[in-house]
Every structure is written in C-alpha cells, then in structure tokens.
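The values are calculated or read from the model by the stated rules, or taken from the named source; none is laboratory data. Computed from a predicted structure; not experimentally measured. Heads up, the Cβs are rebuilt from the backbone with ideal geometry, glycines too, and the neighbour counts pull from every protein chain shown. Side chains are part of the model used for accessible areas, which takes the heavy atoms of the whole protein and leaves out ligands, DNA and RNA. Shrake-Rupley method; radii C 1.70, N 1.55, O 1.52, S 1.80 Å.
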Amino acid sequence: MSRVRADEEEYWHSSKFRAFTFDDEDDELSQLKESKQAVNSLRDIVDDDDDDLERVSWSGEPVGSISWSIKETASSSTSSLEGRDSILQKGSSSYAAFPKQVSSYSLSSLFKGRNKLPSFQSLSDALSDTGVKNYAPDLRRPKAEYKDYINDWSPKDTVRRMQRGKVCSLERFRSLQDKLVLLDEAVAGHDGNVITAVLIFLKRTLRREILFRELEVRQVALCHLIHFLKEMGEQKLLLDLLRFLDRTEEVALSQYREHLNIQDVEKRREFLKGCIGLPFSAEDTSHIQDHYTLLERQIIIETNDRHLETSGESEMFRKYPRKASILNMPLVTTLFYSCFYHYTEAEGTFSSPINLKKTFKIPDKQYVLTALAARAKLRAWNDVDALFTTKNWLGYTKKKAPIGFHRVVEILQRNNAPVQVLQEYVRLVEDVETRLSLATKYKCHDVVIETYKDLKDRIQLTAYKCKVERGSAEEEKINSILNN
C-alpha cells in the first residue's frame, strides 16, 4: 500500500504540468526572453550593408538598417526585461515605475526611400536624418479642394472653375432656380464656352417649353443657343424655338436652308417651289423665286447640252469639252457658261445670254464683264468689239464701256490679247496718265508716241526714243515727229 502511494506521488511529480506557485517565473517574461533569442538568431541572415544612409551608430552600423533596428529592439527588450526583473526582485507593487517599452518602428520610416531592403527608424532618427530624401506625400490638402469630393460648389464657383478649364459636374443643380442662377452666372462671366456648356446641360434636363420661356428674357443666352443649334444642325429644335419666339422670317429662312442637304436635282426643285409660299420678306421672296427659276433653267440647259455633247453634233462642244455640270451653279457662272457656249443664240431660247440678262435683271456692268471674259477666253475679238460698239440716233457708231476701258484692257491682256487689239482699247482710256501708264506697261508704243505728240512734250518723246528698238518703225516715227 505504501508502494502504491509512492508510485502515485512519483507520477504526479513527473508530469509536465506544474501547479501554480508565486515563485515561478512570469510567463510574459519568458516570452520576452524567447523573443530575444529569436531576434538574435536573425542577425546572421540580415544584410547590414546599407549605402543609402550616411549616419552610423556607435556600434559602427548604419542607423536605420534592419540589423541596427533588430539590435535596438533587442537592447530595448533586454533593458525592459532587466528593469522588470529588478523591480520584481525588489518586490515593488507600483506599476508606474515599470519601464515602458519604446518601439523602434515608426510610421515616418515607412515613407523613406530605399534602394534595397526596407529599413525602419525611430521618429527622432527620421526627423534628424537629413541625408535621406523624404517621399512622404503631404497629407494636408487645402480646405477648398475637399469640395471636389463632396460636390458642394456654388453656381458662381462652378462657373469660375469651368472658366479655368476644370471638370465640374452640373448634375447637382437639380432645381429650376439653381439652374437659372447657374445660367445667369455663366452669362455674367462673358465666356461663350461656359455659356454653351450650361445651355447644353439645360437643354438636356429641362422641358422645351420651360427652356424657351426662360431664354426669352435672356437674350444673350438665347443668341448662343440659336447659334449652337445652327452649327450642330439640330433643325427641328431650332424651328420649334423660332416658332415659339414668333420669328416667322427666321423660320422660313431656316426651312429654306434645308435645300443644301438635298442632292437630287428634281427633289431640290420641288422643295424650292414649296419655299416660295413661306412667310419671307418681299426682298427674300424675290430671291427665292429667282433661285427656283434659275434651277429650272439650268435643268433644261443641262439636258440639251448633255445630248449635244454625247451625240457629237455640236462643233463647239467637240472643240471645248465641258469641265463640269451647270446644275446648282450661281447665276454669274450660268451667265458665263451661256456666253461661252450659246453666245449667238436667239433671245427666245432659255440658254441665250440676253434671255438670262432680262429674266434675272442682270446689271449692264455685270453682263459686260462676264461676256467680255467669256469671249476673250475664246479669242473672239470681233464679239469683243461688237460688245462695246453702239450707234447714236444719227447712225454714227462709237465705243462705250460701262465698266471703263482701263478694266477692258486689263481683262484683254489677262487673256493674251494681241498688241493691236490692246492698243485700240488703250487709246480709248480718257485719263492721260492712266493711258500712258497702261501703254508703257503693255508696250503699246504707238499710243505712247501719239500721246506725247498731242501733249507736245519733246523731252519725254526724246527720252522714250531710247526705249524702242533701233531701226524700228517706232523710232522712225519719233524722228519724224521731232524733225517736224
């Protein structure tokens, strides 16, 4: 029985579990000692070489390196452990005297730039370490920038930011009052881009009737919107706006402008015919009527000329093939075409230049300029001469030009007219200085000699003798005048 009791006591004393006693070592201190041993075991595998830091500790290792931080941690743990052991040995019950462990790991050390492994510093070392570049961002922002995130801009501030080119969300302006205040601030800023941007926002978020009503009393914004709709081609909305404003003439002009988008000639002609009844002004109604008549005349001319050109019946089209169609051309171009290909036709035909002149009431100056350019290009000098020849009531003929003969000379010279033709029209220039200038410029020697003879200017005539060719008829003529 005593043996059994002895075995039981041995069993209990040999167990790995021990009963609690005040003399046992504190579990927390044992864990600190184990941590110390684990930290010390890391020294062999840590690279202590850190070239980024210039400051070194008393132990010769760079401050801020991993090994230095580990040693600092170990030493602080050791000092804390020793201090705590001494306090426990003295039996002090005051927790205020217990030394507080200071961690060598700080937040600022995480923002230090490293080329190798990241290292840790204490706060005091980080502040005193001037050799290390600090990449920490400035966490403090201006108070005004926080409004970007909470979207709390006033209409005036929003307009100012838009003027500076910054992105602003206009969706926060939901009430009609806020939207109108935003529009008024944009108009007050005198920035067309901002006004247009706000108008696009209002056009998208407001009903048409409300938008039109509010813009009616804001003429600057209204003009911007009308111009924007014209540029973007939003014809339906533009017409609705003009009808709301009771601008009937502008509505008619906007509808008339739609003919530019019609490519088919017959459809365009029918569209123009329908535009004649729109509420235009008296002058605009006349222009619309002329446009329709001109297009109708061009269709007839184009049909006939295409047939003559393809069949080869006309020598004019064989010698001078057409370069383009006459359809949708301006009136002056149509007149030039008619003077070029149909100059001799009777007045009763649609392609006759005289018929065009009378139908569309072309002024004499415009008609003469166009006909002169067309016939001079064909080098039809007889037609040019007949264009300026008139008869008086006594039957006498004389030349008369409603555009001035100096312009006639310029057009003829531009079309490489011969000197004989140029001299004939240079003589008809009334102003003496202009006549001498043109005659000298285009080498019309006979005109220069005759003008100096009429002026009895012997000095100028003698000087001009040096400009003509020796032994020429002009030199003999100058000598004959000077001798007599």
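At R0 = 56 Å, how high is the FRET efficiency between ARG379 and PHE244 if r is their beta carbon distance? Nearest 0.05 is fine.
With R0 = 56 Å, the Cβ-Cβ based efficiency is 0.40.
In this view, the solvent-accessible surface of GLU234, computed with a 1.4 Å probe and all protein chains in place, comes to about 60 Å².
Here the label points at THR359 and ASP191, each 7 Å from Cα along the C-beta direction, are separated by 5.5 nm in the simple model.
Mean separation of Cα pairs under 8 Å and 6 or more residues apart, divided by the residue count, gives the range 372-443 a relative contact order of 27 percent.
Can you give me the % of accessible surface on the range 344-480 that is carbon or sulfur? Probe 1.4 Å, all protein chains present, nothing else counted. The partial results should precede the final answer.
Details: 4120 of 8430 Å².
Whole-percent figure for carbon plus sulfur exposure: 49.
Which of the pairs LYS365/LYS399; LYS203/LYS230; LYS391/LYS453 have their Cα atoms more than 20 Å apart in this structure?
Details: LYS365/LYS399 15 Å; LYS203/LYS230 15 Å; LYS391/LYS453 30 Å.
The answer is LYS391/LYS453.
What chymotrypsin sites (Phe, Trp or Tyr not before Pro) does the range 387-461 have in DSSP loop regions with at most 11 other beta carbons within 10 Å? Don't skip to the end; give the middle numbers.
Details: sites: PHE388, TRP393, TYR396, PHE405, TYR425, TYR442, TYR452; in loops: TRP393, TYR396, TYR442.
Filter output for the range 387-461: TRP393, TYR396.
Here the alpha carbons of the range 284-425 define both size measures, Rg and Dmax, at 16.4, 48 Å.
Just need the relative contact order of the range 153-220 here, percent rounded to a whole number, with Cα pairs under 8 Å and 6+ apart. The partial results should precede the final answer.
Values: 32 pairs, mean separation 19.6, N = 68.
That works out to 29 percent.
For the range 384-430, the list of GluC sites (Glu not before Pro) that fall in a loop by DSSP and count at most 15 other C-beta atoms within 10 angstrom reads GLU430.
The stretch between LYS236 and ARG161 holds 23.7 nm of extra length on full extension. This uses 0.36 nm per residue minus the Cα-Cα distance. Counting lysine pairs in the range 262-362 whose alpha carbons fall under 26 angstrom apart, excluding pairs fewer than 8 residues apart on the same chain, gives 5.
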